[in-house]
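The values are calculated or read from the model by the stated rules, or taken from the named source; none is laboratory data. It should be emphasised that the depicted structure is a prediction, and the values quoted were computed from it without experimental measurement. Every residue, glycine among them, receives a Cβ derived from its backbone with ideal geometry; neighbour counts consider all protein chains shown.
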Amino acid sequence: MAIDQAPGDSTRTDLMRTYRPTGDPMAKACDSPRRAFATPRRGIVLMLIGVALLAGCSRTTPSERVTAGSAEQGSTATSSTEAPSTTTSSTVPESSLRTVDWASMNYPVDCGGRATGKAVAYPSPQPGTGLAIVLVSCVAGAGNPPSAVLVYENAGSSDGVHLRQTLVPYHDDWSPVPGGTTADGGNLSIKVDGYSTESVPRCCPDVHTTMTWTWDGNKYVADKPEPLHKQLPAPANP
């Protein structure tokens, strides 16, 4: 393309040669404004437009813009994959139940003597629920004293542990077998001995069974009825 040039204007020709890069399409595009304002007839306005275009071409190349965009996307992806904060549901500390002096507690058991307790299991039938299975019996002489089976929990209050459920009342006259308690999730089983009649001596129980319960989300529910056996008179004020 021919360039209009005033006679003797060699300086403008040299200037155009200086701004004529080769091999780069973008450079050619950026070079076109320079050729435009080299034409005297277009005046000062086209020169200003050309300067503005030159400034835009010199800011960033397409490859730089792609690189910058990739960096921003990478930063966004990194922040979006950050591990979310986890919140754990509060649970009853099992250690607080294990540190209770069960032998010295006062129990709601009327057995005609001093009742003493022993925790035999610490089940957690559901998340957030920690329990203690406590056998409560009276200090007695010879024979097998009956025991009440109580369920205690620790609600995390200043009052400490409190009774949640009575599984076996004292007057049922069952004697739990030592080591016969099993707690597995929401299932609880206790092996017990009892007596068929008053004439059976306390040394020699003749009724043997395993009592089982299942957690229903709020309490333990017996899986089957108790077998027939001798019971003690129920207390007047249970």
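Among the residues making up the range 139-153, those that are surrounded by 16 or more Cβ atoms within 10 Å (Cβ to Cβ) and at pLDDT below 85 are 144, 145. When you look at residue 100, is it under 35 Å from the mean Cα position of the chain (by Cα) and either part of a loop (DSSP other than H, G, I, E, B) or not aliphatic (A, V, I, L, M) (or both), yes or no? Against the criterion (under 35 Å from the mean Cα position of the chain (by Cα) and either part of a loop (DSSP other than H, G, I, E, B) or not aliphatic (A, V, I, L, M) (or both)), residue 100 qualifies.
Here is the figure for the range 204-231: residues that are among the basic types (Lys, Arg) and farther than 17 Å from residue 124 by Cβ total 2. Within the option set 187, 237, being modelled with pLDDT under 95 and either closer than 30 Å to residue 128 by Cα or of a type in the set (S, T, N, Q) (or both) holds for one residue only, 237. Only one of the listed residues (168, 177, 161) is buried (at least 18 other Cβ atoms within 10 Å of the Cβ), aliphatic (A, V, I, L, M) and under 18 Å from residue 138 (Cα atoms). That residue is 168.
Taken over the range 155-203, residues that are charged (D, E, K, R), more than 13 Å from residue 120 (Cβ to Cβ) and part of a strand (DSSP E or B) amount to 3.
Name the single residue that is modelled with the lowest pLDDT among those in the range 105-127 being assigned to a strand (DSSP E or B) and not β-branched (Val, Ile, Thr). Show your work before the answer.
First pass over the range 105-127, keeping only residues assigned to a strand (DSSP E or B): 115-121, 126.
Imposing the further condition that a residue be not β-branched (Val, Ile, Thr) reduces the set to 115, 117-119, 121, 126.
Working: 115: 90, 117: 95, 118: 95, 119: 96, 121: 97, 126: 93.
The extreme case among them is 115.
Across the range 204-224, the qualifying residues are those that are outside any strand (DSSP E or B) and over 15 Å from residue 147 (Cα atoms), and the one among them that is nearest to the chain's Cα centre (by Cα) is 217. Looking across the range 180-203, just one residue is over 19 Å from residue 225 (Cα atoms), over 27 Å from the mean Cα position of the chain (by Cα), in contact (Cβ under 8 Å) with a residue 60 or more places away in the chain and surrounded by 11 or more Cβ atoms within 10 Å (Cβ to Cβ), and that is 202.
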